[in-house]
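Reading through the structure tokens given below for one structure.
Rule-based calculations on the coordinates, nothing more; no lab input. If you're wondering where the values come from, they're calculated on a predicted model, not measured in any experiment. We place every Cβ from the backbone using ideal geometry, glycine too, and count neighbours over all the protein chains shown.
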There are 2 protein chains.
Amino acid sequence: MRVSAKADYAVRAAAELAAADEGPVKGERLAEAQDIPLQFLEHILLELKHHGIVRARRGAKGGYWLARPADEVTIAEIVRAVEGPIAHVQSSPPEAIEYRGNAEHLQEVWIAVRASLRNVLESVTLADLVSGEMPSVVNELAGDPDAWVAR
Amino acid sequence: MRVSAKADYAVRAAAELAAADEGPVKGERLAEAQDIPLQFLEHILLELKHHGIVRARRGAKGGYWLARPADEVTIAEIVRAVEGPIAHVQSSPPEAIEYRGNAEHLQEVWIAVRASLRNVLESVTLADLVSGEMPSVVNELAGDPDAWVAR
DNA sequence: GCACTCCTGACCAAGGAGGTCAGGAAAGTC
DNA sequence: GACTTTCCTGACCTCCTTGGTCAGGAGTGC
């Protein structure tokens, strides 16, 4: 139930790409802007490229850019690209698990967990993230001061 | 963003304890009822004990039982006991991270992610799980057929 | 005293996390 | 055509976690 460094880095780099209009951005600039180890970031960007989220060109004047408009790329996509499916249980999707005995209804809980994650991650686009104008579901959740305290 | 075998096992074992009224339940019975490797389960139960969720007695007629009534133990507690804090980012709580540049608002997203997980996991008690009568937030999320399809 | 059951620490294999290193391959410039 | 720039790729590395197993010790009840 945790967010990996890779996913965090990927979203941050993508946010920089979303903000940079006009032309490709060098990996080095992304790494500096977000304080991410360059060579590690390059691997991440490659994964994003393979998933069709980012494009790239080599050589002088080369760099990376978003394959689609920033308001059509969600955080969920980026997280899935680098971390794989969201909210798997024991490496299986929750709808595929069969529970026995008194744990029979646990499946519904994990399904609800996944759905609630999707509600957040699929609603936020890179455009939202850069502009700071979050969708209402995020504002409602993060608006509660209680959401900001550890537990 | 995945649920470990340990967390899944812990909740399932706790559900069996919640259902078994009258007297301690042997680890062996829990392991059989939920098809969990016994020795692994014993380590998990020990962790639950250290977190004050479960009590135990040794010897003949010994076994495990819930330290509190089943309707006062949430899934969130159990998951935290065996997996640690929910929705940490890069091993830090989301409220402690400082984002720069165009990723500045990413913090709100992770806070919202954590809050949405809490909404689900803290609302479901072991009593709910065993009875199958889920709180409304779970019913609403899991009621959507779309929540049951892979993505 | 003995059977029963939990308690605890040591260990283990495989894989993932979070990187680093070295070199190759395209693209642009002179 | 040489050279620089930048991405592309695979190999490698260390540390930690996951998902267990094994062996023995320590309470508890009869």
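The single condition from (1) in contact with a helix residue (DSSP H, G or I) (Cβ under 7 Å, 6 or more places away or on another chain); (2) within 24 Å of residue B:135 (Cα to Cα) that residue B:99 fails is (2).
When residue B:59 is tested against the conditions (1) free of Cβ contacts under 8 Å to residues at least 24 places away in the same chain; (2) away from DNA strand D (no atom under 13 Å from the Cβ), the lone failure is (2). Got at least one residue in the stretch A:21-41 being in contact (Cβ under 8 Å) with a residue 60 or more places away in the chain and either near DNA strand D (Cβ under 8 Å from one of its atoms) or within 11 Å of chain B (Cβ to nearest Cβ) (or both)? Taking every residue of the stretch A:21-41 in turn, none turns out to be in contact (Cβ under 8 Å) with a residue 60 or more places away in the chain and either near DNA strand D (Cβ under 8 Å from one of its atoms) or within 11 Å of chain B (Cβ to nearest Cβ) (or both). The set of residues from the stretch B:90-136 being in contact with a Ser or Thr (Cβ under 7 Å, 6 or more places away or on another chain), among the hydrophobic types (A, V, I, L, M, F, W, C) and assigned to a loop (DSSP other than H, G, I, E, B) comprises just one member, B:124. Cβ separations smaller than 6 Å between residues 6+ apart or across chains give the following pairs from the stretch B:81-98 residues that are closer than 22 Å to residue B:48 by Cα and more than 8 Å from every other protein chain (Cβ to nearest Cβ) to residues that are away from DNA strand C (no atom under 14 Å from the Cβ) and of a type outside the set (Val, Ile, Thr): B:82/B:7. Take residue A:81 and tell me if it is touching a His at 6+ places or on another chain (Cβ under 9 Å) and surrounded by 14 or more Cβ atoms within 10 Å (Cβ to Cβ). The answer is yes for residue A:81.
Does residue B:59 meet the test of being of a type outside the set (Val, Ile, Thr) and surrounded by fewer than 16 Cβ atoms within 10 Å (Cβ to Cβ)? So residue B:59 passes the test. Of all residues in the stretch B:44-54, none are surrounded by fewer than 20 Cβ atoms within 10 Å (Cβ to Cβ), over 17 Å from the mean Cα position of the chain (by Cα) and within 12 Å of DNA strand C (Cβ to nearest atom). Within this structure, residue A:29 fails the test of being within 10 Å of DNA strand C (Cβ to nearest atom), of a type in the set (Lys, Arg) and at negative phi. Please work out if residue B:103 is crowded, with 19+ Cβ neighbours inside 10 Å, under 23 Å from the mean Cα position of the chain (by Cα), among the small types (Gly, Ala, Ser) and within 7 Å of another protein chain (Cβ to nearest Cβ). It is false that residue B:103 is crowded, with 19+ Cβ neighbours inside 10 Å, under 23 Å from the mean Cα position of the chain (by Cα), among the small types (Gly, Ala, Ser) and within 7 Å of another protein chain (Cβ to nearest Cβ). Would the stretch A:129-148 turn up any residue that is under 17 Å from the mean Cα position of the chain (by Cα), closer than 30 Å to residue A:42 by Cβ and more than 7 Å from chain B (Cβ to nearest Cβ)? Yes, the stretch A:129-148 contains a residue that is under 17 Å from the mean Cα position of the chain (by Cα), closer than 30 Å to residue A:42 by Cβ and more than 7 Å from chain B (Cβ to nearest Cβ). Name the residue that is nearest to residue B:25 (Cα to Cα), counting only residues in the stretch B:55-70 that are more than 7 Å from DNA strand C (Cβ to nearest atom) and aliphatic (A, V, I, L, M). Restricting to residues being more than 7 Å from DNA strand C (Cβ to nearest atom) and aliphatic (A, V, I, L, M), the top hit is B:66.
Against the conditions (1) more than 20 Å from the chain's Cα centre (by Cα); (2) within 30 Å of residue B:75 (Cβ to Cβ), residue A:89 satisfies every one except (1).
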